[in-house]
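Down below is the structure, laid out as structure tokens.
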Amino acid sequence: MNSTVVLTLILLFLMLGAGMVSGMWGFAMGHAALKGVTQPDVRPGNKLAGSKQGATGNNGVALLHEEDILASVKAERTGKKASKADKNKAEAMTSNQSSTEKKNDEQSSPETSATTEPGFPLKSQNQGVTMQVLRARQQGGSLLLNVSLKNQGASPVRFLYSFLNVTDDQGHTLSTTTDGLPEELPATGQEVSGTVSIPTAMLEDAKKLSLKLTDYPEQKLQLQISDIPITNKR
């Protein structure tokens, strides 16, 4: 019995000794592994000081002054506005130049000048109302008559263009459509222009046209133009 107690005590001391030796050895190894490692400084004052030192150091980023930033932004915005203004001015000049050239071309073009076509204008006048055929021209599949109306009478005149009668020199009545001519012509003496369109397929061998127009509904006004030459006929 005594030998058992002695053996147990011996084993207990051996275990305690082994534990102590293992603990000391582990502590020594851990201490060697953490050698040179320091705890980070988390104090706010030291952080600000470190940041300031880094900003002014050779490897730091230089801070810009507020005045420099504002001046740079202002200069950039001013340059953009000036560039945009110059661009708009250039576009306006180009547009005006194109409009002027187009107007000059239209004025000099034989297709738009009534004076280049012989026999025009043709005129009819009745009761202070004047009707003129300024020119005749081909466009697409139609013959277009440029017609103007002017009322120098005492009262307005109404027209219904279904009463417009167009015939050729063969005696055929032609189908027509009108564009721009007024339903009521005021007594202002101002000239109003429009077009009368006739399909060229209906003209056949015709060389001249006659045009008649009366007022509506009285039909007392009689405007008639004869011997309108058909130009550029294909």
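Laboratory data are not the source of any read-out in this text; all were calculated from the coordinates shown. Just so it is clear, the model here is predicted, and its values are computed rather than measured. Here Cβ is always computed from backbone atoms with ideal geometry, including for glycine, and neighbour counts include all displayed protein chains.
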Worksheet item: How would you rank Thr78, Thr195, going from fewest to most other Cβ atoms within 10 Å of each one's own Cβ?
Response: Thr78, Thr195
Worksheet entry | Packing-based exposure ordering (other Cβ within 10 Å, fewest first) of Leu213, Leu164, Leu14 | Leu14, Leu164, Leu213
